[in-house]
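Structure record follows, encoded as structure tokens.
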Amino acid sequence: MYKLVMGLTDHGESVQEQTRVMKETGWEGAFSVWNENADNRGTARFIKDAGLYYQSVHAPFLDIYLLWESKEEGQKELERQKRCLRECADFGVDLVVEHAIIGMERNTPTQMGVDRFGELFEFAEKLGITIALENTEGEVYLEKLFEVYGSRKNVKFCIDTGHEMCYNGGADLIGKYADKVVATHLNDNLGQSGEKIVWTDDLHLLPFEGKADWQGIVRRLKKAGYKGDFTFELKTRRIPGRTENERYARISFEEFSADAFSRAKKIKEMFLKAEI
């Protein structure tokens, strides 16, 4: 409970080097993004060999829309999601973060998608895995899945604080899903930059470098009775058309990890002291 966790980043170092540095700079745990073409078993080994807690895995999300929209390709995507869950169980990871959808233009959940997610949730339960659905664009898909499966013990919520700002219009999703929030993807943001929601607004900045109301965030988490870890999902490479992340790529990973950990400690302290 309340461990400080950071996701493996795109800074450029190997998993072995990143996990070594993360441990040395104070982090207690790590999470990774599952990739069917990567050495996921090696990632699990390096995390554990570094003395870090393997807190969670982010399931693949670029093709998650296929579950809702395609009969044949959607079935293939479902099987890929199951492979991810099966590997997580092998690695001893019991928390997997899933997107309900991807794509700004998508706003129409289908029964086919609802049924496939139900099959995925049931498969995860048999493996002893909790799936934490993350807030992204297309919030109607998240709402639909919680409407149908919200009573399942292994279907929970992961709040992404940056997404809440740039994809969800600043809505209080922690409050909305207070009884389900079991995980966090903490990061800062500058909100929606134009008239339309675009993925390049999803900056994943270090805390206190954007417009996030961190005092409000920790109060909302505390009011929700949050008992999970403080997990930070941060980007260290430039996003097309944006310059905010450039500084992170210029400094060493040691500097970035130490800076991020210092900010993470501050947020945890704020949470522990917060009054509701």
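In µm²/s, what is D for the stretch 152-203 at 10 °C and 1.306 mPa s, where D = kT/(6 pi eta Rh) by Stokes-Einstein and Rh is the Kirkwood radius from Cα pairs? Estimated via Stokes-Einstein, D reaches 136 µm²/s. Within the chain, helices built from complete DSSP H runs that reach 27 Å or longer along their own axis (Cα positions) and carry a mean Kyte-Doolittle hydropathy of -1.0 or higher are 253-273. Look at the alpha carbon pairs under 8 Å that are at least 6 residues apart: their mean separation over the length of the stretch 12-80 gives a relative contact order of 31 percent. Here the accessible area is traced with a 1.4 Å probe on the protein chains. For the stretch 62-197, carbon and sulfur cover 47 percent of it. Go ahead and set up a Gaussian network model of the chain, Cα springs under 10 Å, then flag whichever of Ala258, Ala38, Ala50 fluctuates most. Ranking Ala258, Ala38, Ala50 by mean-square fluctuation puts Ala38 first. Packing, taken as the mean count of other beta carbons within 10 Å per residue, orders the peptides 94-106, 208-220 from highest to lowest as 94-106, 208-220. Label point of Lys82 set 7 angstrom out along Cα-Cβ; within the stretch 98-137, amide nitrogens under 14 Å from it belong to 116-127. For the pair the stretch 208-276 and the stretch 1-24, the centres of their Cα atoms are 14 angstrom apart.
Over the residues of the chain, the helix contribution to mean residue ellipticity at 222 nm works out to -13000 deg cm²/dmol, using -39500 (n - 2.57) for each DSSP H run of at least 4.
For the chain, the equivalent ellipsoid built from the Cα gyration tensor has semi-axes of 27, 22, 19 Å, listed from largest to smallest.
Within the stretch 25-76, the percentage of alpha carbon pairs spaced more than 13 angstrom apart rounds to 65%. Spatial offset of the stretch 104-171 relative to the stretch 175-197 amounts to 14 Å, using the alpha carbon center of each. Most simply put, the chain has about 5% antiparallel DSSP beta bridges, counting only bridges with both residues inside it.
If you take the alpha carbon atoms of the stretch 1-114 and fit the smallest convex hull around them, that volume is 126 Å³ per residue. If R0 is 30 Å, the Cβ-Cβ spacing of Gln75 and Trp199 corresponds to a FRET efficiency of close to 0.70.
Loop-located trypsin sites (Lys or Arg not before Pro) in the stretch 1-74 (DSSP state other than H, G, I, E, B) with a sparse environment of at most 15 neighbouring Cβ atoms within 10 Å: Lys3, Lys71. Relative to the compact-globule estimate of 2.2 N^0.38 Å, the Cα radius of gyration of the stretch 59-185 comes out at 0.98.
Dividing the mean sequence gap of close Cα pairs (under 8 Å, 6+ apart) by how many residues the stretch 97-184 holds gives a relative contact order of 31 percent. Mean sequence separation of contacting Cα pairs (under 8 Å, at least six apart), scaled by the length of the chain, corresponds to a relative contact order of 19 percent.
Using every pair of separate Cα atoms, the Kirkwood estimate puts the hydrodynamic radius of the stretch 151-276 at 15.2 angstrom. Calculated accessible area for the chain comes out at 44 Å² per residue, all protein chains present (probe 1.4 Å; ligands, DNA, RNA ignored). Pair-distance distribution P(r) for the stretch 50-128, from all Cα-Cα distances in 10 Å bins starting at 0: 18, 50, 25, 7, 1 percent.
Each of Thr108 and Asp90 was given a label point 7 Å from its Cα along the Cα-to-Cβ line. The distance between the two points is 3.9 nm.
The values are calculated or read from the model by the stated rules, or taken from the named source; none is laboratory data. Computed from a predicted model, the values in this text were never measured in an experiment. Virtual Cβ from ideal backbone geometry, glycine too; neighbours counted across all protein chains shown. The protein model used for the area step is the full one, side chains on, heavy atoms only, and it has no ligands, DNA or RNA in it. Shrake-Rupley method; radii C 1.70, N 1.55, O 1.52, S 1.80 Å.
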